[in-house]
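Read the structure below first, then the notes.
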Amino acid sequence: MTDKQAGKNENLHAFPDASGHFGIYGGKFVSETLMTALTELEQEYRSLKDDPAFLSELESDLRHYVGRESPLYLAERLTAEMGGATIYLKREDLNHTGAHKINNCIGQALLAKHMGKPRIIAETGAGQHGVASATVAARFGLACQVYMGSEDIARQSLNVYRMKLLGAEVVPVTSGSKTLKDALNEAMRDWVTNVDNTHYIIGTVAGPHPYPMLVRDFQSVIGRETRAQFSSRHGGLPDAIVACVGGGSNAMGIFYPFLEDHSVRLVGVEAAGLGLDSGQHAAPLNAGSVGVLHGNRTYLMDDEDGQIIETHSISAGLDYPGVGPEHAWLKDSGRAEYVAVDDEQALDAFRRLNRLEGIVPALE
Amino acid sequence: MGRLGSTFGALATDGRKALLAYVVAGDPEPETTVNLMHEMVSAGVDAIELGVPFSDPEAEGPVIQAAHERALAHHIRLRDCLDMVSRFRETDNETPVILMGYLNPIESMGYEAFAARSAQAGVDGMIIVNLPPEEAGVLMKSVHAHDLDLVYLLAPTTTDERAAMICKASRGFVYYVSLKGTTGAATIDVNDVASKLDRFRRFSSLPLLVGFGIKNGETAARVAGVSDGVVVGSAIVDLMARNRDDPVGLNRSVVGLVTEIRQAMDAGR
């Protein structure tokens, strides 16, 4: 069986496998100190994920605290202007804290509570995941430290202010490139030191197993709602779903419930930065190679000697050298396709959406 | 028998404990490393752990992170580390050298090429920090085919079930990470180390070495008293950082520390 056929014949919802892999991707590439904590986290999650009490707690917070469900909005003027497909927008920007990140944070904070961990840590790049983590920490009465590259702190001062207001401590990370990947390293170092009392809320579908699975599951609420909303608003299934991919949590969240609907094209959009040929981008699926970083095997931006290289995107939320392992696997299997859009094109779309629909989106 | 086996065998015959020293290849200058390896051996080090620089050394504390960054500023690559081992072997064919690093540079070189070139350079084994045995199957085949030892880590959080699996997979020795934390963290609790090692000892007949948190002769001697040997890393790398603009002072201070630790360990036997 070729890789292309694999996507058609296997149950795409059956992954990761028991050892945490999506084909050759994913896995648990961490130091020994964390292995037991990852096993415990997986066991706890597996025992809670179908537990009616846990699910109703989660459901209640998503509804009353996050403000779900989020609208599926028919963008009429954008549709007319573009002259092609009928375009619907899934409005994750209308969630509490202004992004999809909180879907995952609520779920993981509930997990932390059930595991009896009084402290959470998180990494953040643009600050959205940091703000969402600080928010749920306040909501559940957990201590919270957020690791953030000193470059990002300088670029995203408003989100730093919000995190502090919410009672979190923002820890500047000055190692390496002083951005998201280094914040992730530093959060891993904290977790390795404080693993007994601390839960690490990874913000995307990357990291060691079980994170890619549990973040995807918590974000899948996006796709489940979209499926139901589209069916009642428009009828049937959409022809295609398009989502941006940095680490890939929002894309995985909306793709996942459609994986077995083979008529639905799944299109992930990476950040081409100054162009895929420039080297100044954040598009590992389009122009990277397979390697191991931050606990999983996936596509990465690295040089020929295996050193991770710095990424560039005008969107701070996509500025990450890796990508979730499930995306790597969906790419190889052909079930999803991944394209890239450069800074200019992103800015153009940003202006268009503002003018035509009165919606101020994130750049991604 | 390989160099690791003969070294541990000779130490056991003499009733002495092993002293391993860790430096990052190319820190602070590419010219520093090979000479310093020889100097440390003369001062009583039994084996060298040579750190392979990586852009994202997620298990390291600030001292060793900075060493990786200094080495990377000189563009030290995995193949440069192997060249250093070859040069070391020109005049020392006895002292074991173990590479310590992260998986991605090895993935880039390719597992088989990595194993073949390591063996050719005179490397004896490797510790890959972010590669637990569960993920190591393919690499392990290549490494073992070239008679190299893949050394695995035990941690304070390791369960008995995992310890049995890790000790079975490990070759050469088993490395106990004495602290929950990164390299260079707080000083260790020797009694706690002793009780953990008692628990792990029944899973392996290989030497059990202890690293993380060993900063001076006194701690090294006490830890050596309950184990088969110690690994000293951050304390050495810290001295190197302080003396990075003074090559003579750098060698003198590192040799001074190694000598102190060696004497304390031998006095305590």
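The values are calculated or read from the model by the stated rules, or taken from the named source; none is laboratory data. In this text the structure is predicted, and so the values were computed from the model without any measurement. Glycine gets a Cβ as well: all are built from the backbone with ideal geometry, and neighbour counts include every protein chain shown. Please note that ligands, DNA and RNA were not included when accessible areas were found on the heavy atoms of the full protein model with its side chains. Shrake-Rupley method; radii C 1.70, N 1.55, O 1.52, S 1.80 Å.
Solvent-accessible area lost on pairing A with B (1.4 Å probe, both sides summed) amounts to about 2800 Å². At an R0 of 30 angstrom, the distance between the Cβ atoms of B:Gln263 and B:Ser6 translates into a FRET efficiency of 0.80.
Most fluctuating residue of A:Ile24, A:Ile106, A:Ile153 in a GNM of chain A with Cα springs under 10 Å: which is it? Taking springs between Cα atoms under 10 Å, the residue moving most is A:Ile24. Placing +1 on each Lys and Arg Cβ and -1 on each Asp and Glu Cβ, with no other charges, gives the protein assembly as shown a dipole about its Cα centre of roughly 1200 debye. Using the average count of surrounding beta-carbon atoms within 10 Å as a protection proxy, the listed peptides B:88-101, A:39-52 rank, highest first, as B:88-101, A:39-52. Highest GNM mean-square fluctuation among A:Ser289, A:Ser231, A:Ser150, for chain A modelled with Cα contacts below 10 Å: A:Ser231. The Cα trace of segment B:173-269 gives Rg and Dmax of 14.2, 47 Å, the first to one decimal, the second as a whole number. Both the radius of gyration and Dmax for the protein assembly as shown are 25.6, 86 Å, in that order, over alpha-carbon atoms. Looking at chain A alone, DSSP beta bridges between its own residues are antiparallel in about 35 percent of cases. Residue separation of A:Lys49 and A:Arg233 scaled by 0.36 nm, minus their Cα-Cα distance, works out to 63.3 nm of gained length. Per-residue SASA remark: A:Val66, around 0 Å² accessible (1.4 Å probe; ligands, DNA and RNA not included). Kirkwood analysis of segment A:45-165, using all unique Cα-Cα pairs, places the hydrodynamic radius at 16.0 Å. Highest average first, the peptides A:67-75, A:252-260 ordered by how many other beta carbon atoms sit within 10 Å of their residues are A:252-260, A:67-75. Solvent-accessible area per residue in the protein assembly as shown equals 37 Å², computed with a 1.4 angstrom probe and all protein chains kept. Please report the carbon-and-sulfur percent of the accessible area for the protein assembly as shown; probe 1.4 Å, protein heavy atoms only, DNA, RNA and ligands left out. For the protein assembly as shown, the apolar C and S fraction of the accessible surface comes to 50 percent.
How would chain B be classified by its alpha-carbon gyration tensor: rounded, prolate or oblate, with rounded meaning a/c under 1.5 and the a/b versus b/c comparison settling the rest? In terms of gyration-tensor shape, rounded. Close amide H contacts of A:Arg265 (hydrogens built in the peptide plane, cut-off under 5 Å, sequence separation of 5 or more or a different chain): A:Ala240, A:Ile241.
Between amide H atoms placed 1.01 Å from N, distances below 5 Å from B:Met100 occur with B:Leu50, B:Gly51, B:Val52, B:Ile127, all of them 5 or more places distant or on a separate chain. Taking label points 7 Å from Cα along the Cα-to-Cβ direction, A:Ser150 and B:Asn216 give a separation of 3.0 nm. For the residues of B:147-154, the average number of beta carbons from a partner chain within 10 Å of their own beta carbon is 1. Straight-line reach from B:Lys168: taking Cα to Cα under 28 Å and skipping same-chain neighbours fewer than 8 places apart, the lysines in range are A:Lys28, B:Lys17, B:Lys141, B:Lys180, B:Lys196. Only helices enter the 222 nm calculation for the protein assembly as shown: every DSSP H run of n ≥ 4 contributes -39,500 (n - 2.57), and dividing by all residues gives -14000 deg cm²/dmol, rounded to 500.
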